[in-house]
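Report on one structure; see the data block that follows.
Nothing in this text is a laboratory measurement; each read-out follows from the coordinates by a stated rule. Predicted model, so just to flag it, every value in this text is computed and none were measured. Using ideal geometry, Cβ is built from the backbone for each residue, glycine included, and neighbour counts are taken over all protein chains shown.
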């Protein structure tokens, strides 16, 4: 038994670590159909496919390509970005 700083005696059971029993396995997750570029959303009885959201890197690359296609030039960076997003969401 160990003494605490206040002079009392600490029980060995008080220092015992929590029981580390094996965690239960999660329920099996059913296999899903391969992704075809969109997310299937079920609204009532009708299934629809939501538009795929482009990554920042994809938009950035396409915006740069648009910038280069128009010959560069300053001041149209926001327009290039919005055009790239529009094309990728298209």
Inter-label distance for residue 82 and residue 69, nm, one decimal - labels placed 7 Å from Cα along Cα-to-Cβ: 1.7
Once the piece of chain linking residue 51 and residue 6 is laid out straight, how much longer is it, given 0.36 nm per residue of separation minus the C-alpha distance between them? 9.7 nm
